[in-house]
Amino acid sequence: MAAPIARLIDELHKLPGIGPKTAQRLTYHLIRMPQEEARTLAEAILAVKEKVTFCSTCQNITDVNPCMVCAAQDRDKGLICVVEEPLDVMALERTRAYKGLYHVLHGVISPINGTGPDDLKIGELLGRMKGSVVHEVILAMNPNLEGEATAMYLHRLLSPLGVKVTRLARGLPVGGDLEYADAMTLTRALEGRREA
Ligand code: ZN
């Protein structure tokens, strides 16, 4: 096999969910692609790496720092909703019902995957509590074992700080991810949140 082909297969294989067979298929697809299309794809990959960064406050992905939510004047700065992934922020924003700020952990505590608290943006979350106006933290982890364990861990850290800690109401499909919940279900889960 020509070296450039082997190299591309190798690189694609490193992506999540891409096995060796899929990496080969994608590579042969890319080889047949018009030059211009391939260039557009390569440039899109470089552009996200160059222009997209993490908000230094909420850790969400953004192309401006602080991000648009953290910088907005009409958001409730006293309310922080903690989520696992940037996609969860998008899902909650789609409801148009939430007017507070966010904090993105970038994962959950998962001993099986070797992810511990130190691998998540938990220190950054605690940093936001210091001398701040935050009066409530909503733990909006996915309704599964790892989400539950992460929420319990955060609850233990946050409650001694004198901040109200709440959880989303039950009603999200168990095992289902927040990002797939429809706006109505998410709005109801937010409105029915209860003290943890
Ligand atoms: Zn932000």
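Summary table below
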read-out: Residues satisfying the stated conditions in segment 84-140, i.e. touching a residue at least 60 places away in the same chain (Cβ under 8 Å) and in contact with a strand residue (DSSP E or B) (Cβ under 9 Å, 6 or more places away or on another chain); value: GLU84, GLU85, ASP88, ALA91, LEU92, TYR98, LYS121, GLU124, ARG128
read-out: Residue that is most open to solvent (accessible area, probe 1.4 Å) [pool: residues in segment 102-134 that are outside any loop (DSSP other than H, G, I, E, B) and of a type in the set (A, V, I, L, M)]; value: ILE112
read-out: Residue count, segment 162-179 (criterion: at pLDDT 80 or above and out of contact with any helix residue (DSSP H, G or I) (no Cβ under 6 Å at 6 or more places or on another chain)); value: 5
read-out: Residue within segment 38-54 that is open to solvent by less than 20 Å² (accessible area, probe 1.4 Å) and either of a type in the set (A, V, I, L, M, F, W, C) or within 15 Å of the ligand (Cβ to nearest atom) (or both) present; value: no
read-out: Residue in segment 149-159 that is in a loop (DSSP other than H, G, I, E, B) and either of a type in the set (Lys, Arg) or at negative phi (or both) present; value: no
read-out: Candidates VAL137, VAL165, filtered to the one that is touching a Ser or Thr at 6+ places or on another chain (Cβ under 6 Å) and either hydroxyl-bearing (Ser, Thr, Tyr) or surrounded by 14 or more Cβ atoms within 10 Å (Cβ to Cβ) (or both); value: VAL165
read-out: Subset tally (residues that are open to solvent by less than 30 Å² (accessible area, probe 1.4 Å) and either in a loop (DSSP other than H, G, I, E, B) or of a type in the set (Asp, Glu) (or both)) for segment 174-196; value: 2
read-out: Subset of segment 60-78 that is out of contact with any Gly (no Cβ under 7 Å at 6 or more places or on another chain) and in contact (Cβ under 8 Å) with a residue 24 or more places away in the chain - its residue that is nearest to the ligand (Cβ to nearest atom); value: CYS70
read-out: Failed item, numbered, when GLY171 is tested on (1) part of a loop (DSSP other than H, G, I, E, B); (2) more than 19 Å from LEU101 (Cα to Cα); (3) open to solvent by 80 Å² or more (accessible area, probe 1.4 Å); value: (3)
read-out: Test: residue in segment 10-22 that is open to solvent by 100 Å² or more (accessible area, probe 1.4 Å), modelled with pLDDT of 95 or more and over 30 Å from ASP63 (Cβ atoms); value: yes
read-out: Test: residue in segment 37-45 that is of a type in the set (Lys, Arg) and in contact with a helix residue (DSSP H, G or I) (Cβ under 7 Å, 6 or more places away or on another chain); value: no
read-out: Pick from segment 79-101, criterion over 17 Å from ASP177 (Cα atoms) and surrounded by 14 or more Cβ atoms within 10 Å (Cβ to Cβ), ranking: farthest from the ligand (Cβ to nearest atom); value: ALA97
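The values are calculated or read from the model by the stated rules, or taken from the named source; none is laboratory data. In this text the structure is predicted, and so the values were computed from the model without any measurement. Because the Cβ atoms are built from the backbone with ideal geometry, glycine has one as well, and the counts that use them run over all protein chains shown. Accessible surface is based on the protein model in full, side chains and every heavy atom, while ligands, DNA and RNA are left aside. Shrake-Rupley method; radii C 1.70, N 1.55, O 1.52, S 1.80 Å.
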